[in-house]
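To start, the structure itself, in structure tokens.
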Amino acid sequence: MGGHRSSGSTSRLIAGDVSPVLASPPTSHTEARWVYKSTALSDFSSSPQDGPVRRSVPLWLFLTIAMFSFIVSLALGLVVGLAWPPRLPTVFAATPFNYSHFYGIPERLDIVPIERLINSTELDLRTDFQTSKEPAVREYVFNISHAVAAPDGFQKPMILVNGQSPGPLIEANVGDTIRVHVNNMMAARDTAVHWHGINQHGSTWMDGVAGVSQCGIPPGQNFTYEFVVDNQRGTYWWHSHLGVQYTDGAYGPIIIHDPEEMVPETDEERIVFVGDLYHTYGSVLLASYLNSSSRWVPFEPGVEPLADNIVLNGQHTTDCSVASSTYPPDPASPFASLNCEGGQLYHTTIRHGQRIRLRLINSSSFLSYWFSVDNHTLSIIELDGVEIEPISTRGVYLNIGQRVSVILVANQTVGNYYIRATLPQTCFLPYAPYTSTTLESVQYAARGILSYEGASPDAEPVGVRGNVSNPYGVENNGVRGDVWEGCDDMPFNIPKPRREMAAVDVADGNDQYIEYMFRQAQDVNRIFINKTAYSPLEHNATLWKVPGQKFDPSKANSYGSWDFGLNQQVLLIPHAGKGAQIVINSRDAMEHPWHMHGHTFQIVGWGPGLFGGAAANGTTTTTWSLENPMRRDTVTVPAQSHVVLRFAADNPGLWALHCHVAWHMEGGMFVSLLERPGDLVKMMDDMDPETRARSQGFCGMGNG
Ligand SMILES: [Cu+2]
């Protein structure tokens, strides 16, 4: 929809005063890099250009690099493939599909059955975990590998951690040290793991963002992430932060307990991931999305792929007779011989009278949802690790990366009830010039079953679907003037954090502005922020360039004033002591989920149009909330609107701030906040030399 958006109402706006500077060609550290380049060749040479195209790299150089990377990747893949002994225990031998070097997927893959793919014990938090104030070290091993699995019955190549998706649970108490040994067992792709929502106080190099806080862990290599969970509790998640690897399954939950968590008592808990599912491997889709002509909409670049299904805890059913229109089956594809067998619904059992905490996590690559349970009222008690005064509701809107804990009281007649994650259709479908046949066939919703003990597990659900498209009883969101179908978070001044905190004061020079829009660069959709689109460094990470900089605090708002490339999108937060303020301005026709690393920010202001846009006539459209503003780490920025975020500048580091739509992130919708560079350089001087050498040594080694 980005491309569609840019050719729709956004194009009127971008005709104005902003003249984007073309970044280098839209290469990235994505998995699809070399394949994208090689498939793009024919388009660059043969397709007619719509108007003037400025190419900052000559075509011959582009072709040479593409060919060279292709050959190197091929050679490396071969060497690693031959020398790589560890494998998942084979459940049963898969047909030897000819995957050789296709997007780095090895030739022979294990097939993981659904009962092993999904770890219900962990997702139901039946782990006998002891909540305590005694600090401990929690140690995990993550083996990341390719395998074939079928979350909804349709087999696809996936990226699994310990053979699971959702991957292994990390469970700790506040104050604990978490240590995760990550083994990259993929044959030919780098990886990196990010701990979404964990603030990494004093450990920015453990944040796991490939190209920013580290170079990807190359195939056959390992890296140990270690960090302390400092004054945070609640619901978090981890996911690969390289390319679109999490789209194919590389994600899992993090639960932080605290004996002093300010939430009502509950009898039991469940983790419930809601997510979109693509039947096609993510990197294949990404290559098509970042091309001038996608498989799903050949006539218009930049249209995001619509998912094939929606899953609850990584599972759902599908109608195997319906072929995907997002990526129609291709007999020439090495994936063509995979099977489909229908899948299963997420199912969980509760006892009548119990109070259950559902920890909802949206792990999607594109879609957001309205979550509801037939016949049951929900009470919202936590947003992104922040305890709030309970809000009673029929359901809850959940954008990508956001977490919401709700309490469900099992006070209905014993029976089975549907749990639903419903796509707010009007937020997405009008912007997509095609229909996803597969998504349509599941009626744009995932269903699961909440089963009361005593009900036959196979009995027909008894509940009433209720209103699944009108959140919080509000008919009009006051921004677009249309009926609100859950495209936005609940109004920002409704949730009240129980740990009260006034808005922080902002230091001069610690304020930054972001303004984004979708437009074409070289026939390809890119998302421009301020004047350029983010392009990751090749074979380096922005963090490692920090110690070499000469910082001039007087140039704080001029981010081109030092040796980071413009397309590195580094925004400086220079001053300690007081807070920082980030204004995000949308010049786009749709909402976007913005996620900040390193901080739980305050949402202190919001309003239609650009921030300060009406200041000329002495008025402002910004609504302020300074007393006890909502805090979270992922916010939905509504269409054609602005939000004002603040945080205490208490965490020197390099912090990504980006849209969490996987496709947009790869299209350049990404900046990095460089917080207190002087202190960061000192911290890096004191960093464990072995860790630093190991992490920095990955740069230039792998093939992301
Ligand atoms: Cu976005």
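A few comments on the model shown:
- Restricting attention to the range 597-613, the residues that are in contact with a Ser or Thr (Cβ under 8 Å, 6 or more places away or on another chain) and in a strand (DSSP E or B) add up to 6.
- Among the residues of the range 382-404, those that are of a type in the set (Val, Ile, Thr) and either farther than 26 Å from His664 by Cβ or modelled with pLDDT of 95 or more (or both) comprise Val386, Ile388, Ile391, Thr393, Ile400, Val404.
- Filtered residues of the range 412-471 (kept if modelled with pLDDT of 95 or more, among the aliphatic types (A, V, I, L, M) and either over 32 Å from the mean Cα position of the chain (by Cα) or surrounded by fewer than 19 Cβ atoms within 10 Å (Cβ to Cβ) (or both)): Val414, Ala455
- Lone unmet requirement of (1) touching a residue at least 24 places away in the same chain (Cβ under 8 Å); (2) under 18 Å from Gly252 (Cβ atoms); (3) under 21 Å from the mean Cα position of the chain (by Cα) for Arg116: (3)
- Here Glu627 fulfils each of the conditions (1) more than 23 Å from Val386 (Cα to Cα); (2) in contact (Cβ under 8 Å) with a residue 40 or more places away in the chain; (3) surrounded by fewer than 24 Cβ atoms within 10 Å (Cβ to Cβ) apart from (1).
- Residues that are crowded, with 19+ Cβ neighbours inside 10 Å and over 17 Å from the mean Cα position of the chain (by Cα) were ranked within the range 366-376; the one that is nearest to Cys487 (Cα to Cα) is Trp370.
- Per-region count, the range 222-240, residues out of contact with any Asp or Glu (no Cβ under 8 Å at 6 or more places or on another chain) and part of a loop (DSSP other than H, G, I, E, B): 3
- Within the range 347-365, being buried (at least 22 other Cβ atoms within 10 Å of the Cβ) and touching a Phe, Trp or Tyr at 6+ places or on another chain (Cβ under 9 Å) holds for Leu358, Leu360, Ile361, Asn362, Ser363, Ser365.
- Picking from residues in the range 146-174 that are out of contact with any strand residue (DSSP E or B) (no Cβ under 6 Å at 6 or more places or on another chain) and farther than 20 Å from Trp237 by Cβ, the one that is surrounded by the most Cβ atoms within 10 Å (Cβ to Cβ) is Ala150.
- Among residues of the range 375-432, those that are small (Gly, Ala, Ser) and part of a strand (DSSP E or B), counted: 4
- Residue identified as under 25 Å from Ala576 (Cβ atoms) and under 26 Å from the mean Cα position of the chain (by Cα) among Val661, Val635: Val635
- Members of the range 653-670 that are away from the ligand (no atom under 13 Å from the Cβ) and either free of Cβ contacts under 8 Å to residues at least 12 places away in the same chain or not small (Gly, Ala, Ser) (or both): Leu654, Trp655
- Whichever residue in the range 578-609 is touching a helix residue (DSSP H, G or I) at 6+ places or on another chain (Cβ under 8 Å) and more than 19 Å from Asn493 (Cβ to Cβ) and, among such residues, is farthest from the ligand (Cβ to nearest atom): Gly598
- Here is the figure for the range 525-547: residues that are away from the ligand (no atom under 16 Å from the Cβ) and either assigned to a strand (DSSP E or B) or basic (Lys, Arg) (or both) total 3.
Quick grid of which residues meet (1) under 22 Å from the mean Cα position of the chain (by Cα); (2) within 30 Å of Thr127 (Cα to Cα):
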| site | (1), (2) |
| --- | --- |
| Ala287 | yes, no |
| His316 | yes, yes |
| Ser324 | no, no |
| Pro329 | no, no |
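The values are calculated or read from the model by the stated rules, or taken from the named source; none is laboratory data. In this text, all values refer to a predicted model and were calculated from it rather than measured experimentally. Note: ideal-geometry Cβ built from the backbone for every residue, glycine included; neighbour counts use all protein chains shown.
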